[in-house]
Every structure is written in structure tokens, then in C-alpha cells.
Amino acid sequence: MKKTLGILLLLILTCVVTALSSDAFLNGANVENLIRRIGLYGLLGVAVSFVIVTGGIDLSIGSIVCLTGCGLPWLVAKVGWDPALALPLLLGGAVVIGLIHGLLVTKLKLQPFVVTLCGLLVYRGMMRGLTGDQSLGFGNGFKALRFAGAGKLELAGGFGIPMPFVILMVVAVLAAVFFNKTVWGRHLRALGNNEEAARFSGVATDRLVIASYVICSLLSAVAGMLFVMDVNSAQPSDFGSFYELYAIAAAVLGGCSLRGGRAAVAGVLVGAALMQVLRNMIVLVFPRQQNLEYAVIGLVILAGVIADELINRRRERRRLRA
């Protein structure tokens with residue numbers, strides 16, 4: 001909780017500094033776009049938190065975004081499928097991907113890093129091969145389908161809440177209930193803290209790990225569809241590239257420990273917001289230094305890991321003194 005409050009204060013400070021440095025920051029269109037991006041990337045942060053809480057990692061998130069984000073317009077606009085068939089197929093494919101990841105990690109005891117790194121290469125390669133690496137989009141059609149990513153809930157004064165943010169809020173509430181109010185959430189944290197002890201306590205650890213990878217892949221697939229619905233353009237060679245970094249950064253900043261055992265959905269949302277505000281600040285305040293974006297992400301992840309390590313050491317010293 002203290003870490004979440006600290007990140008929230010940092011977010012507020014970053015917003016204040018950016019607003020003072022650029023008049024465009026508080027512009028209605030910029031704020032609306034920023035909220036939309038928080039919704040999109042926040043979904044990925046929540047997705048990866050399900051895996052991180054087990055002590056695992058998923059590096060294939062960006063490629064799953066590519067797979068579904070390019071696959072949807074390819075199926076409905078190029079191949080001519082009905083969206084009612086394309087959507088379940090892509091979501092089902094994401095479930096299968098998560099199931100494969102979970103089985104390889106639990107049954108063959110492969111390292112999550114290796115499994116998902118291979119997935120990162122395979123899924124993007126598959127999409128590039130299927131589509132001939134062509135740019136994909138919906139054109140001027142499928143406006144009803146695109147509403148989930150590009151639409152908004154209109155409010156007074158012409159301002160609207162982007163639909164991706166609304167979807168994120170729904171997913172975040174469900175995830176928070178899962179982690180904090182269900183026995184599976186408690187078991188998942190116990191598994192992350194000490195898998196062997198959890199197993200001896202009767203927890204079905206393998207099933208939980210598999211379920212965490214399935215949920216992560218499924219939410220990543222949903223995010224991928226929302227991304228392409230928003231921008232209406234996708235290139236398999238780079239669509240979704242490095243998105244896993246934004247997700248991991250948001251989760252680590254928000255209080256998820258890379259050692260496993262801790263997950264804070266509210267913190268992940270604040271972490272995702274901070275990442276997008278930092279990105280927006282670079283664009284508005286340092287327009288000639290936009291290439292620094294990934295350097296900032298790297299430093300933020302490093303800072304989060306260092307903070308997590310220091311907090312763990314402090315807790316261990318307190319435990320020993322007690």
C-alpha cells in the first residue's frame with residue numbers, strides 16, 4: 001500500500017511538472033488520448049500481474065498483441081469472415097497459447113523466460129507469414145466493431161471517457177476481487193511466496209500457474225484487438241513491439257514483486273498511468289528527444305526492481321529482529 005501511495009504521489013508530481021512545462025498537456029484532446037492509452041496499456045499491466053504474482057514472467061505479450069491485433073482486420077477485412085466468428089477464434093487461440101505456456105512451465109519445468117521468449121518470436125513470425133507482412137486495417141467499415149477501441153462514453157461539455165479505459169476499469173475490479181476476495185487469489189499469492197509449501201498445503205499449484213498464463217494471454221489478446229480498433233492500422237513487423245516492457249514496468253512499479261507473491265491491481269493502474277504520462281511528457285516537453293522513451297522505460301523498471309529489493313531486505317531484517 002505504501003508503495004502504491006508513493007507511485008501515486010510521483011504520478012501527481014509528474015502531471016504537475018508536465019502541465020507547467022506544456023500548455024498542451026491539459027488540452028481536452030490530449031487528456032482524452034492519454035486516458036485511452038492508459039486503458040490500453042493498463043490492460044497489459046493487469047494481464048502480466050497474474051503471471052508475475054506466481055514468480056513467472058511473460059515476454060510474449062507484445063507478440064500476442066500483434067497476433068490478435070493484426071489477425072482481426074486480416075480475418076474480417078481481407079479474408080471476409082464475420083466478426084462473430086473471428087473474435088471467438090482469436091480469443092480461443094489466445095487461451096490455447098496460455099495453456100501451452102502453462103503446460104510447458106509446469107509439466108516440463110521449463111523456465112517461463114525461455115518459453116515466452118520463444119513465443120515472442122513464434123507468434124509474430126506466424127502473423128508475418130500469414131499476412132505477407134502487409135499493413136492491415138478496417139478501412140472505413142466495421143464502425144460498430146471498432147467502437148470498443150475507438151469509441152467513448154460521452155459526458156457533458158463534449159468530453160468523453162474512452163471505451164478502453166471503461167473496459168480496463170471493469171477488468172481491474174474483477175482482478176482485484178479475484179486477488180483479494182477469493183480463495184484462488186490467496187492461493188496464487190501463497191504459490192508465489194513459496195510454491196513447495198503451497199503444494200504441501202494442498203494447493204493445486206500447477207493448475208493455478210496454467211490458469212495465470214491463460215488469463216494473461218487472454219487479456220493480452222483483448223488488448224491487441226482494442227489497439228487495432230483504435231488506430232485502424234497494423235503492421236505485423238512492429239505492431240505490439242516492446243509492449244511487454246510497458247506491461248512489466250506498470251506491474252513492477254505498482255507493487256508486483258518479480259519474486260512472486262505480491263499483486264496490487266490499484267498499484268498496477270497507477271503504474272500504467274505513470275508510464276503513459278512520462279511518455280506524454282517526453283513528446284510534449286522534449287519533442288526532439290523522443291528516442292529517449294525506451295531509456296526512460298528501462299530506468300523506470302530498474303528503479304522499481306531496486307525499490308522492491310530494498311523493501312524485501314527491510315522486511316527480512318524486521319522479521320529476523322522479531
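Using the Cβ of Glu195 as centre and a radius below 12 Å, the other residues enclosed give a net charge of +2, where K and R count +1 and D and E count -1.
Got a sec? How would Lys143, Lys78, Lys109 order by Cβ neighbour count within 10 Å, fewest to most? Mind dumping the intermediate values first?
Working: Lys143 10, Lys78 14, Lys109 7.
With the sparsest Cβ surroundings first, the list reads Lys109, Lys143, Lys78.
Of all aspartates and glutamates in the structure, those lying under 18 Å Cα to Cα from Lys152, and not within fewer than 8 positions of it along the same chain, are Glu32, Asp230. Sparsely packed loop sites in the stretch 22-76 (the chymotrypsin sites (Phe, Trp or Tyr not before Pro) outside DSSP H, G, I, E and B with at most 15 other Cβ atoms within 10 Å) do not occur.
Straight-line cross-link reach from Lys107 at under 19 Å between alpha-carbon atoms covers these aspartates and glutamates, not counting any fewer than eight positions away in the same chain: Asp58, Glu195, Glu196, Asp206. Taking the inverse of the mean 1/r over every pair of distinct Cα atoms in the chain gives a Kirkwood hydrodynamic radius of 20.3 Å.
Neighbour counts of other C-beta atoms within 10 Å: give me Ile282, Ile311 arranged from fewest to most.
Ile311, Ile282
Note on Val79 and Thr106: the extension gain reaches 6.0 nm, defined as 0.36 nm multiplied by sequence separation minus the Cα-Cα distance.
When we measure straight from the Cα of Lys78, which aspartates and glutamates land under 17 angstrom away, once same-chain ones fewer than 8 places off are left out? Qualifying aspartates and glutamates at Cα under 17 Å: Asp133. Scanning the chain for long hydrophobic helices, with DSSP H runs required to stretch 20 angstrom or more by C-alpha along their axis and to average at least 1.0 on the Kyte-Doolittle scale, returns 2-21, 28-52, 83-106, 112-131, 163-181, 205-231, 265-285.
Which residue, Val46, Asn33, Thr106, has the largest displacement toward the positive end of the dipole of the chain when charges sit on each Cβ (Lys, Arg +1; Asp, Glu -1)? Among Val46, Asn33, Thr106, the one farthest towards the positive end of the dipole of the chain is Thr106. In plain terms, if you count all Cα to Cα distances in the stretch 1-64 and split them into 5 Å steps from zero, the share in each step is 4, 14, 14, 20, 19, 14, 11, 4, 1 percent. The loop-placed chymotrypsin sites (Phe, Trp or Tyr not before Pro) in the stretch 176-263, going by DSSP, that have at most 16 neighbouring Cβ atoms within 10 Å of their Cβ come out as Phe242.
Given an 8 Å cut-off on Cα distances and at least 6 residues of separation, report the relative contact order of the chain as a percent.
34 percent
Rounded to the nearest 20, the Cβ-based charge dipole of the stretch 197-297 about its Cα centre (Lys and Arg +1, Asp and Glu -1) stands at 340 debye.
For the chain, the mean residue ellipticity at 222 nm estimated from helices alone is -24500 deg cm²/dmol, where every DSSP H run of n ≥ 4 contributes -39500 (n - 2.57) and the total is divided by all residues, rounded to the nearest 500.
Calculation over all alpha carbon pairs of the stretch 1-142 in 10 angstrom steps from 0 returns a P(r) of 10, 28, 28, 24, 10, 0 percent. Only one residue of Leu153, Ala263, Val122 has its Cα farthest out toward the positive end of the dipole of the chain, where Lys and Arg carry +1 and Asp and Glu -1 on Cβ, and that residue is Ala263. When only the Cβ of Lys, Arg, Asp and Glu is charged (+1, +1, -1, -1), the dipole of the stretch 1-116 relative to its Cα centre reaches about 360 debye. Once both labels are positioned 7 Å from their Cα atoms along Cα-to-Cβ, the gap between Arg199 and Leu5 label points is 3.9 nm.
Local charge for Leu278 was computed over the other residues whose Cβ lies under 14 Å away, with Lys and Arg +1 and Asp and Glu -1, and equals +1. Extension gain for Val305 to Ala29 (0.36 nm times residue separation, less C-alpha to C-alpha distance): 96.0 nm.
For the chain, a simple Cβ point-charge model (Lys and Arg +1, Asp and Glu -1, everything else neutral) yields a dipole of about 1140 debye relative to the Cα centre. Over every Cα atom in the stretch 259-322, the radius of gyration and the widest Cα-Cα span, Dmax, amount to 15.9, 53 Å.
Values quoted throughout were computed directly from the atomic coordinates according to the rules given, and no laboratory measurement underlies them. No experiment lies behind these values; they were computed from the predicted model shown. Note: ideal-geometry Cβ built from the backbone for every residue, glycine included; neighbour counts use all protein chains shown.
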